[in-house]
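Presented below is the structure to which this report refers.
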Amino acid sequence: MKLSNNMLNNINGLMTGGGCPTSDHLGECAVIFEGSPGRYQAMLYIFDGAFNNSTQVADWFHDLGAVDVSVSQTLHSDVNGDRNGKTVDGGQEWTVGFTLKGENPHADEPEKYAEVLLPFLKLMETELHANAGKGDRPGWLAMDRKTALLEIFYHLSKLQKALKVGNNDGIREHAADTANMCMMLVDICGLLTASDPTAAEQQQAGEAILPEERTVNIPGCDQHEGLYSLRVTMPWVCMHCGKPRGEPYDNISYDGSRRLKVHRWNNPCGHLETYAEVRATLTGLPLGRPSEAEEAQP
């Protein structure tokens, strides 16, 4: 969409009712120009010094096809003599910035971030295909916002661990997973322009095998004092490799002074999961430093 020659006239019509601007009118739009590629600016002079309805002004431009609209007021100008938001004749000087639907204001610099964006997009795509069996797009659209946010925290905790131990492959994988989950959350919120899932995609999601869940008791914190526990239901897969966990069984957690009845499990894959790591996937909190007693637990 290109800037219409009538936009200036349309805005002035809204401000004056179609006649020449006088002191009885709201004001006038002096000019609309392209300040930078694809980004336009409109200069408005508001005769009414008490007018402050920026939402109404933004709606004028929205109705004429503008997007990414910003409205600002000049508070001080050495050029025009504005002081404390007022022009020399007691009016106001406003600037409206906007782009137009379908225009890309950065079309003249498509390669600017390609050096880093393209390799990272490739990592994201690789991880999406690796996890396609979990339901693809219809699968993540079935999640609510809270669940999607918890998934971000979960993958962020895995990224945190990879950074801590200097696992470069893990950093790449979990950074891409975290970015994909952020993309999915935005999609769940309906803020992407992607098309609706096809019938084939929906059928594939219905046929996907979702991981089983287990409800277990774990310590609520390192120093649980024999009292503080969490009863949680979670996907029963190893947080390190995604393979099934071992079956939970009753056990005791000792914090150095008190004992607490909890569940324990031994993963067939051999990966150790500390209670602190499990709590981090549920809350998104930093891992912290597990106690020696806790390190002996899953």
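The values are calculated or read from the model by the stated rules, or taken from the named source; none is laboratory data. All values derive from a computational prediction rather than experimental measurement. Every residue, glycine as well, gets a Cβ built from its backbone with ideal geometry; the counts of neighbours run over all protein chains shown.
Residues are listed down the side, and each one gets a yes or a no for (1) touching a His at 6+ places or on another chain (Cβ under 9 Å); (2) in contact (Cβ under 8 Å) with a residue 60 or more places away in the chain; (3) closer than 25 Å to Lys134 by Cβ; (4) of a type in the set (Phe, Trp, Tyr):
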residue	(1), (2), (3), (4)
Asn217	yes, no, no, no
Thr233	no, no, yes, no
Asn251	yes, no, no, no
Asn267	yes, no, yes, no
Gly270	no, no, yes, no
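Go through the stretch 111-199 and tell me which helices (runs of 4 or more DSSP H), entirely inside it, have 3 or more residues that are of a type in the set (A, V, I, L, M, F, W, C) and out of contact with any His (no Cβ under 7 Å at 6 or more places or on another chain). Explain how you work it out, then say what you get.
Values: elements: 114-130, 136-141, 145-165, 168-188.
Result: 114-130, 145-165, 168-188.
Contact list please: Cβ distance under 7 Å, first residue in the stretch 45-68 and on the phi > 0 side of the Ramachandran plot, second residue among the charged types (D, E, K, R) and at pLDDT below 90, pairs at least six apart or on different chains.
Gly65/Lys101
Glu28 is checked against (1) over 17 Å from Leu3 (Cβ atoms); (2) exposed (fewer than 12 other Cβ atoms within 10 Å of the Cβ) and fails just one. What number does that condition carry?
For Glu28, the failing item is (2).
Yes/no matrix, rows are residues, columns are (1) out of contact with any strand residue (DSSP E or B) (no Cβ under 8 Å at 6 or more places or on another chain); (2) modelled with pLDDT of 90 or more; (3) not aliphatic (A, V, I, L, M):
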{"site": "Met124", "(1), (2), (3)": "yes, yes, no"}
{"site": "Ala130", "(1), (2), (3)": "yes, no, no"}
{"site": "Leu141", "(1), (2), (3)": "yes, no, no"}
{"site": "Thr147", "(1), (2), (3)": "yes, no, yes"}
{"site": "Val165", "(1), (2), (3)": "yes, yes, no"}
{"site": "Thr178", "(1), (2), (3)": "yes, yes, yes"}
{"site": "Cys189", "(1), (2), (3)": "yes, no, yes"}
{"site": "Gln202", "(1), (2), (3)": "yes, no, yes"}
{"site": "Glu207", "(1), (2), (3)": "yes, no, yes"}
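Run Gly246 past the list (1) part of a strand (DSSP E or B); (2) closer than 29 Å to Gly133 by Cα and report the number of the one that doesn't hold.
The single condition Gly246 does not satisfy is (1).
If I go through the stretch 53-104 residue by residue, how many of them are surrounded by 12 or more Cβ atoms within 10 Å (Cβ to Cβ), among the acidic types (Asp, Glu) and assigned to a helix (DSSP H, G or I)?
So the count comes out to 1.
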